[in-house]
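These notes are about the structure you will find just below.
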Amino acid sequence: MFSLTWGSVSGWWTPVCLLLGLAYAWLMYRQPAEIGRNLRYGLATLRTIAVFFIALLLVSPLVKSVKYEPQKPLVLIAQDNSSSINTFKPADFNTSTFIDDLAKLKEQLGDKYDVQEFNFDKDLHPGLSKSFGGKQTDIAGALRQLNNRFTNQNIGALVLATDGLYNQGNDPQYDAKNIKTSIYTIALGDTTAKRDLLIGNINYNKTAFLGNDFIIEVLATAYQSKGENMSLSVTEDGKQVYQQSIPVTATDFKKIIPIKLNASKKGLRKYTISIAPIKNELSIQNNTETIYVEVLDARQKVLLLYNGPHPDITVIKQAIETNKNYEVKAASINNAADIKPADYSLVVFYQISAADYPPIKSFIAKSKTPVWYIIGSQSNLQAVNSEQSTVKISAGRAETQEVLALPANDFTAFNLSDSARRKISALPPLLAPFGSYGTSTGTSVLLRQKIGAVATTYPLLAFGDEVGRRTAVLTGEGIWRWQLSEYQNYENQNATNELLSQTVQYLTANANRQRFRVYPARNVFDEGENVILNAELYNDALELVNTPDVKIELKNTAGKNYSYLFTRTGQSYQLDAGALPVGEYTYSASTQNGKQDFKASGQFTIKALNLETRQSAANHVLLNTLAKQSGGQMIKPSDVSKLADLIRKNENVKTVVYEDKHYSDLVDVKWLFGLILVLLSVEWFLRKREGEI
């Protein structure tokens, strides 16, 4: 559809253009000519129309074109592909037949609907699936991803086929409210509790200290087993260290069992918690859980020195101590006389320098103890610049400016989670000295400064290696604002704690200065998680190098070997071995620098995920709530064939027509030039034929 719109031009120009055409034609054909009267009127009409359009082109109104584009309603199908669907299904339920019936919905709805199919476990995947192999279930995450993917589209209905059991993410009810459409839930699974003993949950600390006792809490659960005795046992690396018989006193029985264990051996200890199976039990997969506790010889001590009180000091201390491996001593330099520097693995200077306390300066000069400088408005920049070369700050006057944190993508010294990076980039600004910043060769920058909307190359948090000593420099104060803001927005301080804790771990990780180190990103990986290993090689001057190749061989308890070659990242090495089978692994790495051979070894574990077997009774109450609050309906798997009729009868599921308006200048209408040319050509031809030209 086309129409003229005048915009800033007056519509009264239309009759003016018409009068101009009439006047032109009258001047040309007012005198009698050797042409018949009717032909003269015809020629005048042609001239009037041609001049009218030419004048209209000069006035240049806008042409409005309207295009109507219908969009068929989207019908989204989200199928739960986690293992609980297949493990705890009713006896008469065939998963393969159900998926085939669900797939027919697209054909039943026909061309009037756009049907999109997905399956989900911990993530959302395209298409339906019959594998039912997912180890985790995140219903809320699937709903959120669907909502994000089809934002501003005509979502007519969402079909959610699940048992309502989730072990990852938030309560699905909150994310379901964001999807403005009817949700039809298909109630899979069985709500009837079957005869089953299981370990519902285990609470424990991942670290313990040699010689200390520690507590693990086991939630022992039993269904339809009243009168039985539950035999609970714990083994440490295959040796039984605890056993207890628990009488089951109710049909739906739950009891938290505190178990005291002793950390008698250093290293990564494997604890297996088991409940002996009973007769006619539904599943024994959920009777056993394995946890890993790292037993440390002693805590590493961190010395935090400052000149005056500041809220940052408490935040830094608390964040570091979230890792049980570390103990922080915060002291003013005025009260540091009794401190023995040799007892500490790291020294943190908060807005001071080593020169402010001569005993510390002397100790650092003689040792390789790592140092972390935190710079603020009270820092002596000249002194800090003279003591380290990682970051140099040139400031003409003692002024500060607000800077936001911008995580760098090329930082590889250690891993910072994606969620922490996102949160940190949105946290309030820190106060950094106003001036120009420079870094030395080999400096790794984790956070850069963002001043207003401008992303700079100035470092906010940088790491260096200075003649065998690891050094960090944070060029801003005000971390307490980060903690408050993060708690206000997310009700936790995970990102702030992770950043500070990881910084300390990296600085203290190589206190013994081994020339060649290979270490996994964590000691215990979850099943399906990519195994990441890091490697560092130092030359004779204790400088990081990564020129030689580094080979590594992994071996599991079944005797299978995996050989890899490390990838160079920055000045170090990293290996992404992908997802490996569940089990315990040892690794042996080797390299050669010049004529020297280096070897390193260690171990890690890939832990099986048994989250899907911790609940056997389906949660159809949740599914009914999701359907009712959205205007949909919960149905049984046997009624899948009725879904098409339910969707067709829903008046809210309909085609939406979008109106697309487009404005262009009249001069852009090409056919108008053709029309003018035709009019003038016809007029010329007729005049020529009559001998008037």
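Peptides 95-107, 459-471 ordered by packing proxy, namely the average of other Cβ atoms within 10 Å per residue, highest first: 459-471, 95-107. Of the cross-linked pairs Lys89/Lys239; Lys560/Lys607; Lys551/Lys607, those separated by over 29 Å at the C-alpha level are Lys89/Lys239. Please give me the summed charge of the neighbours of Leu46: other residues whose Cβ is under 13 Å from its Cβ, Lys and Arg +1, Asp and Glu -1. My count for the surroundings of Leu46 gives +2. Can you find, among Tyr587, Leu533, Ile606, the residue farthest towards the positive end of the dipole of region 516-607? Put +1 on the C-beta of Lys and Arg, -1 on that of Asp and Glu. The residue sitting most towards the positive pole is Tyr587.
For region 196-296, relative contact order (Cα pairs under 8 Å, six or more residues apart, normalised by length) works out to 37 percent.
With a ≥ b ≥ c the root eigenvalues of the C-alpha gyration tensor of region 554-693, is it rounded (a/c under 1.5), prolate (a/b larger than b/c) or oblate? In terms of gyration-tensor shape, oblate. Relative to the first principal axis of the alpha-carbon coordinates of the chain, what is the inclination of helix 311-320, with its axis defined by its Cα atoms, in degrees from 0 to 90 and to the nearest 10? Taking Cα atoms only, the helix is inclined about 70 degrees. Placing +1 on the Cβ of every Lys and Arg and -1 on the Cβ of every Asp and Glu, with nothing else charged, gives region 300-508 a dipole about its Cα centre of roughly 280 debye. Placing unit charges on the Cβ atoms only, positive for Lys and Arg and negative for Asp and Glu, gives the chain a dipole magnitude near 560 debye about its Cα centre. Applying a threshold of 18 Å to the alpha-carbon distances of Lys122/Lys555; Lys135/Lys255; Lys106/Lys654 flags Lys122/Lys555; Lys135/Lys255 as lying beyond it. What is the chain by shape, rounded, prolate or oblate, if you read a ≥ b ≥ c off the alpha carbon gyration tensor as root eigenvalues and call it rounded for a/c under 1.5, prolate for a/b larger than b/c, and oblate otherwise? Judged from the Cα gyration tensor, the chain comes out oblate (a/c at least 1.5, b/c at or above a/b). Relative to the 2.2 N^0.38 Å rule of thumb, region 278-394 has a C-alpha radius of gyration ratio of 1.58. Checked against a 24 Å cut-off, the cross-linked pairs Lys130/Lys270; Lys260/Lys301; Lys317/Lys366; Lys72/Lys642; Lys177/Lys661; Lys260/Lys324 give Cα-Cα distances beyond that limit for Lys130/Lys270; Lys260/Lys301; Lys317/Lys366; Lys177/Lys661. Ordering Thr137, Thr322, Ser182 by the projection of their Cα atoms onto the charge dipole of the chain, which places +1 on the Cβ of Lys and Arg and -1 on the Cβ of Asp and Glu, puts Ser182 at the extreme positive end. Contact order, relative form, for region 516-607: 35 percent (alpha carbon pairs under 8 Å, 6 or more residues apart, mean separation divided by residue count). Here the peptides 629-636, 226-233 are ranked by packing, the mean other Cβ count within 10 Å, and the order with the highest first is 629-636, 226-233. The residues packed around Phe253, meaning those with a beta-carbon under 10 Å from its beta-carbon, carry a net charge of +1 if Lys and Arg are +1 and Asp and Glu are -1.
Take the convex hull of the alpha carbons in region 344-418; its mean projected area over all directions comes to 6.8 nm². How would you classify region 300-508 from its alpha-carbon gyration tensor, with a ≥ b ≥ c the square roots of the eigenvalues: rounded for a/c under 1.5, else prolate if a/b is greater than b/c, otherwise oblate? Because its axes are fairly even, with a/c under 1.5, region 300-508 counts as rounded. With a cut-off of 11 Å between beta carbons, the residues surrounding Ile278 carry a summed charge of -1, where Lys and Arg count +1 and Asp and Glu -1. Of the peptides 672-679, 132-139, 159-166, 341-348, the ranking by mean beta-carbon count within 10 Å, highest at the top, reads 159-166, 132-139, 341-348, 672-679. Placing +1 on the Cβ of every Lys and Arg and -1 on the Cβ of every Asp and Glu, with nothing else charged, gives region 196-296 a dipole about its Cα centre of roughly 240 debye.
With contributions of -39500 (n - 2.57) from each DSSP H run of at least four residues, the per-residue ellipticity at 222 nm computed over the chain stands at -7500 deg cm²/dmol. Taking the Cα atoms only, what angle lies between the long axis of helix 494-508 and the longest principal axis of the chain, rounded to 10 degrees? Taking Cα atoms only, the helix is inclined about 50 degrees.
Please name whichever of Ala354, Ile215, Gln108 sits farthest to the positive end of the charge dipole of the chain, dipole taken about the Cα centre and charges placed at Cβ: Lys and Arg +1, Asp and Glu -1. Going by the charge dipole, the pick is Gln108.
No lab work stands behind these numbers, since they all come straight from the coordinates. Fair warning: this is a prediction, and the values are worked out from it, not measured in the lab. When we count neighbours, we look across all protein chains shown, and the Cβ atoms used for this are built from the backbone with ideal geometry, even at glycine.
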